[in-house]
Amino acid sequence: MSHNLLKGKRGIIFGALDENSIAWKTALRVKEEGGVFTLTNAPIAMRMGKINELAQACNDEIIPADATSEEDLNNLFAKSVEVLGSKLDFVLHSIVMSPNVRKNKSYGDLNYDWFLKTLDISGVSFHKVMQTAEKTDSLNEWASIVALTYIAAQRTFPDYSDMAQAKAVLESIARSYGYRLGKLKKVRVNTISQSPTKTTAGTGISGFDVFFDYANMMSPLGNASADDCANYIVSLFSDFTRMVTMQNLMHDGGFSSTGITEELIEKLTR
Ligand SMILES: NC(=O)c1ccc[n+]([C@@H]2O[C@H](COP(=O)([O-])OP(=O)(O)OC[C@H]3O[C@@H](n4cnc5c(N)ncnc54)[C@H](O)[C@@H]3O)[C@@H](O)[C@H]2O)c1
């Protein structure tokens, strides 16, 4: 159901690969709420994914950009402002990739070139996005910038490997750049720490099904779905959350505040 929460707002959505992607669900919800946007993803994902279908459904333009390339990002922000006809009110960073995870390297046998790539794609790219937005003067006052993260930034989940460090970098950048953009332009910057979600990135982590079920049992509300996450992102892009900034917001059905649950006790004592 639409409430026109984003009527008149314009933005950029990074990271829609296929219909399971959190960014895909978010694009559909933002559209429903009256927002308009450009879609972007890495050039290779354009070939592998289904982003064209989403662009057609939303009647929006795709502008390819590798989020680690300053040149691509400059082009993306300049073209987005041109296509949308004004500066931007929201940006979603929904990006993660670890060559070490993809190639099943154990944490004691990391390839360091790949580790740096993980940090660049999944963490530092968030800084590059905001620095580009600042330098190209692409943001309106009271714009809202959101990136997605995972609790492995604070607590160890062994199979999350070097992506845990990348998420810690991402969350720290949200605070530092959130301060800067708040002072400069009253722009807010937050990260959402989402429950395990069945997407390409999520299910690419070994043991995913086990920690999906574990998190579900450890959360009084159960795992938050990608659709729930899309709704939360819409609320953060809306004018109802203008004073929320520099936060890592837990969107996890209560997982992060729960010690143990009856379900787990029952399962472990059975
Ligand atoms: N799925 C989960 O369990 C889960 C849980 C918490 C947080 N998150 C976060 O949600 C976000 C979205 O992931 P998802 O679960 O929707 O999976 P997804 O695989 O659908 O999305 C990841 C996206 O990152 C993009 N990407 C990779 N390298 C890129 C690059 N160099 N430049 C631009 N884009 C690039 C991919 O093409 C893809 O679209 C990520 O930040 C992820 O860490 C996911």
Inset, instruction - Please work out the Cα center distance from region 5-45 to region 190-247, rounded to the nearest Å. - result: 16 Å
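Using 0.36 nm times the number of residues separating ASN59 and SER257, minus their current alpha carbon distance, what extension gain do you get?
Values: separation 198, 0.36 × 198 = 71.28 nm, distance 4.05 nm.
Between ASN59 and SER257, full extension yields 67.2 nm more.
Only Lys, Arg, Asp and Glu count, each charged at its Cβ (+1, +1, -1, -1), so figure out the dipole size of region 34-131 about its Cα centre, rounded to 20 debye. Mind showing how you got there, number by number?
Details: 9 positive and 12 negative charges, 67 e Å.
Charge dipole of region 34-131: 320 debye, to the nearest 20.
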Inset, instruction - Would you mind working out the accessible area per residue for region 170-228, using a 1.4 Å probe, and quoting it in Å²? - result: 45 Å²
Legend entry - the chain - percent relative contact order, Cα under 8 Å, separation 6 or more: 19 percent
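Which pairs break 23 Å Cα to Cα here: LYS7/LYS135; LYS117/LYS167; LYS50/LYS167; LYS25/LYS50? Could you put the intermediate results ahead of the total?
Numbers: LYS7/LYS135 26 Å; LYS117/LYS167 13 Å; LYS50/LYS167 26 Å; LYS25/LYS50 13 Å.
As for pairs spanning more than 23 Å Cα to Cα, those are LYS7/LYS135; LYS50/LYS167.
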Legend entry - Listed residue (LEU268, ASN111, MET250) projecting farthest to the positive dipole end of the chain, Cβ model: MET250
Inset, instruction - Rounding to the nearest 20 debye, state how big the charge dipole of the chain is about its Cα centre with +1 on each Lys and Arg Cβ and -1 on each Asp and Glu Cβ. - result: 560 debye
Legend entry - Of TYR160, GLY182, LEU170, farthest towards positive along the dipole that unit charges on Lys, Arg, Asp, Glu beta carbons give region 148-189: GLY182
Inset, instruction - Using a 1.4 Å probe and ignoring any ligands, DNA or RNA, find the accessible area of HIS3 and quote it in Å² to the nearest 10. - result: 110 Å²
Inset, instruction - Measure off, as a whole percent, the carbon and sulfur share of the 1.4 Å-probe accessible area of the chain, all protein chains present. - result: 51 percent
Inset, instruction - Under a cut-off of 19 Å between alpha-carbon atoms, report the aspartates and glutamates in cross-link reach of LYS9, not counting same-chain residues fewer than 8 places apart. - result: GLU32, GLU33, ASP60, GLU61, GLU82, ASP89, GLU134, ASP137, GLU141, ASP239
Legend entry - Selection of trypsin sites (Lys or Arg not before Pro), region 100-181, meeting DSSP coil and at most 14 other Cβ within 10 Å: LYS103, ARG155
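The values are calculated or read from the model by the stated rules, or taken from the named source; none is laboratory data. The shown structure was predicted, so the numbers you read here are calculated from the model rather than taken from an experiment. So basically every Cβ, Gly included, is an ideal-geometry build from the backbone, and we count neighbours across all protein chains shown. Protein only, heavy atoms only, side chains kept; ligands, DNA and RNA dropped before computing areas. Shrake-Rupley method; radii C 1.70, N 1.55, O 1.52, S 1.80 Å.
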